[in-house]
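Everything below concerns the one structure shown next.
The values are calculated or read from the model by the stated rules, or taken from the named source; none is laboratory data. This is a predicted model, so every value here is computed, not measured. Note that we place each Cβ from the backbone using ideal geometry, even for glycine, and neighbour counts take in every protein chain shown. For the accessible areas, the whole protein counts, side chains as well, though only heavy atoms, and no ligand, DNA or RNA atoms are used. Shrake-Rupley method; radii C 1.70, N 1.55, O 1.52, S 1.80 Å.
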Amino acid sequence: MSDEEESVFVKKSKTIHYGSLEDSERAKLTNTLSSVLGPDPSTLVGHTTEIDNIMISNEYLELENVMNRDRSALLEEFEKRKLKRQINVSTDDEEVKRNLRHLGEPVCIFGEGPAERRIRLRELLATLGEDAIKKKRDDDEEKVEKIDKDQEHQTWYHEGPDSLRVARMWLAEYSLPRAKERLDKARTLVGVDDMTKTAKKQELLKKLNAMSIYCSQIGDTRPISFCRFSPDSKMLVTGSWSGLCKLWSVPSCERILTFKGHDCNVGAIVFHPEATLREGERVCDLASCAVDGSVKLWTLNSEDSLATVEGHAPHRVSRVEFHPSGRFLGTCCYDNSWRLWDLEQCQEVLHQEGHCKPVFCIAFQVDGSVCATGGLDAFGRVWDLRTGRCIMFMEGHLKSIYGIDYSSNGYHIITGSEDHSCKVWDMRKRACLYTIPAHLNLISQVKYQPNQGEFLVTGSFDTTAKLWSQKNWQPLKTLSGHDGKIMCVDISSDSNYIATSSYDRTFKLWSPEL
């Protein structure tokens, strides 16, 4: 080549590498090992191999991890000691023992004194937490509350007196024939032709629509709290807040007798089922109750009480009611219970609880086998007198129940409440059939027509009483005339008269203008 010839230079292009140099070095090392020892690097496990100036080993020193663990344990110990110094432990040795017992620890260890016991308690609290004792107490209280709650929902029984067994046997023997008689009567009514039923219904409707005031009488100087017709519909008895009970003739409304014995508001006064119907040996003719818890028995021949039923004071007795047989007397008490008294055995045979607030009203079925109670807890209950069990729970009212009554058919129940409504219940279905938005104020009393049950009457604090049909529960008539709230209503056994007693100190008789 001559000097004159030009030299040719080729510029080499630069190579740019992306990524970590560590990955490229590791790849170079892997290629080197593969060329020396083959493609399987697992032959290096557990060995130390020297290749030129490269040393490879799988030994791993855990010195740093061990040091970290020791450092953490040392810090935890320091924190525990600091926490232990901050925990306050009582110097009272008895309290220290109680706390140890509460934590489930031995109260005393052999050779241990009060100071050592405090130190042991402090160490336990440092381990379990300073609020361990409080948490333990809260857990124990929750367990006790749960046990108590479970026990509240459990049915419990206790042995009753011999008088209760005698009464229940008698009630069973009394009620079964009456139930059979009632069912036979119902079957007979089914066979009556429709024309006859319609004619009777129209006649009754005409009679009710013609209802008006027949007589109005000032009964006392204080509000008249209760009224009730005699079984023969010829007399009416009233109870007043003055403590006096008065007997009046019907329909002239002339005073016959004044019963003196109560010193405060009379809650109710009722006739014996056989009083005025026939002469015979009866324990009494009437029974009354008052706010002071007194219950008195009366005869139609004397203004003084025949006897006093003791056992309710100091709790108020709101209502009394005779069993259809006349042998038993039911009382509603403000100690959240109702009682059943055997007037022949002269003692209390049943003290029944079940309501969570005072029991205000009671009604017996026509057969005498069951009774229904209404309470200020807004619930009603149906009780089987032959077994003592609650066979139906009536839930639906929003406020207290102040009136309850049975229909003569034996299975319909009417309740009146502070929520301004009435509810009709069916014992066969154990459910509410219909809700009547009856009044504009508290409903003080409800009453079915005796013997037939074709209509019902309600009294309210809105100063009116209303008549309702049994078939479709439609309003038939509104009885207006009182100046104050109506406190009680009743229907005579012959259905010719309706009585209302009021806060305006009067009672009124209503009859059809025919």
>> List the residues, sorted by chain then number, that are 5 or more residues from Leu476 or on another chain and whose placed amide H is less than 5 Å from its amide H.
In response: Leu467, Trp468, Ser469
> What is the helix-to-structure angle for 194-209, meaning the angle in degrees between its Cα long axis and the longest Cα principal axis of the chain, kept from 0 to 90 and rounded to the nearest 10?
Replying inline: 80 degrees
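Just reorder Thr387, Thr463, Thr127 by solvent-accessible area, largest first, 1.4 Å probe, all chains present. Walk me through the numbers on the way to the answer.
Values: Thr387 70, Thr463 40, Thr127 105 Å².
Output order, biggest surface exposure first: Thr127, Thr387, Thr463.
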>> Given a 1.4 angstrom probe, I'd like the percentage of the accessible area of the chain that is carbon and sulfur, rounded to a whole number.
In response: 51 percent
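Take every Cα pair under 8 Å in the range 295-354 that's 6+ residues apart, average their separations, divide by the length, and report that relative contact order as a whole percent. Working shown, then result.
Working: 95 pairs, mean separation 11.7, N = 60.
That works out to 20 percent.
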> Lys82 label point, 7 Å along Cα→Cβ, cut-off 15 Å on backbone N: hits in the range 115-133?
Replying inline: none
>> Using a Förster radius of 41 Å, what is the FRET efficiency between Thr276 and Glu159 based on their Cβ-Cβ separation? Nearest 0.05, please.
In response: 0.50
> In degrees from 0 to 90, rounded to the nearest 10, what is the angle of the helix 132-152 Cα long axis to the longest principal axis of the chain?
Replying inline: 40 degrees
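How far, in nm, would the chain grow between Leu398 and Lys185 when pulled straight, counting 0.36 nm per residue and subtracting the alpha carbon separation? Walk me through the intermediate numbers first.
On the way: separation 213, 0.36 × 213 = 76.68 nm, distance 3.67 nm.
Value of the extension gain: 73.0 nm.
Work out, step by step, the length gained on full extension between Asp384 and Gln452: first 0.36 nm times the residue separation, then minus their alpha carbon distance; give nm to one decimal.
Details: separation 68, 0.36 × 68 = 24.48 nm, distance 2.34 nm.
That works out to 22.1 nm of additional length.
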>> At 7 Å along Cα-to-Cβ for each site, give me the label-to-label distance between Thr198 and Asp232 in nm.
In response: 4.0 nm
>> How large is the accessible surface of Lys200 in square angstrom, using a 1.4 angstrom probe and rounding to the nearest 10?
In response: 130 Å²
> Roughly how many nanometres apart are two label points built 7 Å out from the Cα toward the Cβ at Asn209 and Thr91?
Replying inline: 9.5 nm
>> Taking θ = phi - 60°, what integer Hz values does the Karplus form 6.51 cos²θ - 1.76 cosθ + 1.60 yield along the range 177-188, in sequence order, with x for Gly and Pro?
In response: x, 5, 5, 4, 5, 5, 5, 4, 5, 5, 5, 5
> If you place +1 on the Cβ of every Lys and Arg, -1 on the Cβ of every Asp and Glu, and leave all else neutral, what size is the dipole of the range 400-514 about its Cα centre, to the nearest 20 Debye?
Replying inline: 320 debye
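Using per-residue counts of other Cβ atoms within 10 Å, averaged over each peptide, order 359-365, 452-458 from highest down.
Details: 359-365: 24.1, 452-458: 21.7.
Highest-to-lowest ranking by the protection proxy: 359-365, 452-458.
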>> I want to check the label-to-label distance for Ala27 and Met169. Put each point 7 Å from Cα in the C-beta direction and report it in nm to one decimal.
In response: 10.8 nm
> Near the amide H of Gln347, under 5 Å away, which other amide H atoms are found, from residues 5 or more places off or on another chain, if H is placed in the peptide plane?
Replying inline: Asp342
> HN-Hα J couplings of the range 362-370 from phi, Karplus 6.51/-1.76/1.60, θ = phi - 60°, integer Hz, Gly and Pro as x?
Replying inline: 8, 8, 9, 5, 4, 6, x, 8, 9
> How many Å² of accessible area per residue for the chain, probe 1.4 Å?
Replying inline: 58 Å²
>> When a/c reaches 1.5 or more, the comparison of a/b and b/c decides; with that in mind, is the range 147-282 rounded, prolate or oblate per its Cα gyration tensor?
In response: oblate
